[in-house]
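What follows is one structure encoded as structure tokens, with my remarks underneath.
The values are calculated or read from the model by the stated rules, or taken from the named source; none is laboratory data. All of these numbers come straight from a predicted model, not from anything done at the bench. No Cβ is skipped: glycine too gets one built from the backbone with ideal geometry, and neighbour counts run over all protein chains shown.
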Ligand SMILES: Nc1nc2c(ncn2[C@@H]2O[C@H](COP(=O)(O)OP(=O)(O)O)[C@@H](O)[C@H]2O)c(=O)[nH]1
Ligand SMILES: [Mg+2]
């Protein structure tokens, strides 16, 4: 789907970027896509929520290790956008209330 994402950049105020935390082999591709999104001019004002999904599944790497591997703290520090991270499971529902709160807060403040 990546190639058509830019069709949706206009009027995009919040961006939820989901990473599959159960499959670290996809991490480098995810990282490149994230960098592309963060550097896209129409998304410069968007609020960004990076979700690590599928935290209910076993994985040979911790989320902290994955963040470190793609240097996510550096990416966040250098991005124009306001970026938040969350760990969720769409399967069990863990963390989803936090996602809804983030959406409410993001839109309430008019960001
Ligand atoms: N265990 C688990 N499965 C999930 C979760 N979120 C989505 N899935 C399952 O993952 C499958 C979709 O694959 P996914 O890798 O998310 O999508 P794709 O990479 O876009 O093809 C579906 O069977 C979903 O039910 C989750 O949090 N935990
Ligand atoms: Mg997948």
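Could you list, in sequence order, the residues of segment 40-52 that are crowded, with 19+ Cβ neighbours inside 10 Å and either outside any loop (DSSP other than H, G, I, E, B) or within 14 Å of ligand 2 (Cβ to nearest atom) (or both)? I'd like the intermediate steps shown before the answer.
Filtering segment 40-52 down to residues crowded, with 19+ Cβ neighbours inside 10 Å leaves 43, 46-52.
43, 47, 48, 49, 50, 51, 52 - these are the residues of segment 40-52 that are crowded, with 19+ Cβ neighbours inside 10 Å and either outside any loop (DSSP other than H, G, I, E, B) or within 14 Å of ligand 2 (Cβ to nearest atom) (or both).
Considering only residues that are more than 15 Å from residue 80 (Cα to Cα) and more than 15 Å from ligand 1 (Cβ to nearest atom), look in segment 40-61 and name the one that is nearest to the chain's Cα centre (by Cα). Break it down stepwise before answering.
The initial filter retains those residues of segment 40-61 that are more than 15 Å from residue 80 (Cα to Cα), namely 51-61.
If we keep only those that are more than 15 Å from ligand 1 (Cβ to nearest atom) as well, we get 60-61.
Details: 60: 21, 61: 18 Å.
Among them, the one singled out is 61.
Taking into account only those residues within segment 10-39 that are away from ligand 2 (no atom under 16 Å from the Cβ) and either over 15 Å from the mean Cα position of the chain (by Cα) or in a helix (DSSP H, G or I) (or both), which is surrounded by the fewest Cβ atoms within 10 Å (Cβ to Cβ)? Break it down stepwise before answering.
So in segment 10-39, the residues away from ligand 2 (no atom under 16 Å from the Cβ) come out as 10-15, 35-39.
From the residues that got through so far, the ones that are either over 15 Å from the mean Cα position of the chain (by Cα) or in a helix (DSSP H, G or I) (or both) too are 10-11, 35-38.
Working: 10: 8, 11: 6, 35: 14, 36: 13, 37: 20, 38: 20.
Among those residues, the one meeting the criterion is 11.
From 83, 19, 88, which residue is at negative phi and away from ligand 1 (no atom under 16 Å from the Cβ)?
Values: 19 fails: away from ligand 1 (no atom under 16 Å from the Cβ); 88 fails: away from ligand 1 (no atom under 16 Å from the Cβ).
Checking each option against the conditions leaves just 83.
Can we say residue 77 is more than 21 Å from residue 103 (Cβ to Cβ), within 16 Å of ligand 2 (Cβ to nearest atom), at pLDDT 95 or above and in a helix (DSSP H, G or I)? Outline the logic, then answer.
Working: more than 21 Å from residue 103 (Cβ to Cβ): yes; within 16 Å of ligand 2 (Cβ to nearest atom): no; at pLDDT 95 or above: yes; in a helix (DSSP H, G or I): yes.
Considered against the rule, which asks whether it is more than 21 Å from residue 103 (Cβ to Cβ), within 16 Å of ligand 2 (Cβ to nearest atom), at pLDDT 95 or above and in a helix (DSSP H, G or I), residue 77 comes out as no.
Might you check whether a residue that is more than 16 Å from ligand 1 (Cβ to nearest atom), out of contact with any strand residue (DSSP E or B) (no Cβ under 9 Å at 6 or more places or on another chain) and either over 23 Å from residue 95 (Cα atoms) or modelled with pLDDT of 95 or more (or both) occurs anywhere in segment 29-36? Explain how you work it out, then say what you get.
Taking segment 29-36 and keeping what is more than 16 Å from ligand 1 (Cβ to nearest atom), we get 35-36.
Filter once more, keeping what is out of contact with any strand residue (DSSP E or B) (no Cβ under 9 Å at 6 or more places or on another chain): 35-36.
Subsequent filtering for residues that are either over 23 Å from residue 95 (Cα atoms) or modelled with pLDDT of 95 or more (or both) retains 35-36.
Within segment 29-36, one or more residues are more than 16 Å from ligand 1 (Cβ to nearest atom), out of contact with any strand residue (DSSP E or B) (no Cβ under 9 Å at 6 or more places or on another chain) and either over 23 Å from residue 95 (Cα atoms) or modelled with pLDDT of 95 or more (or both).
Six or more apart or on different chains, Cβ atoms under 6 Å: show the pairs whose first residue is in segment 12-28 and within 17 Å of residue 64 (Cα to Cα) and whose second is modelled with pLDDT of 95 or more and exposed (fewer than 14 other Cβ atoms within 10 Å of the Cβ).
Hits for this filter: 20/26; 22/57.
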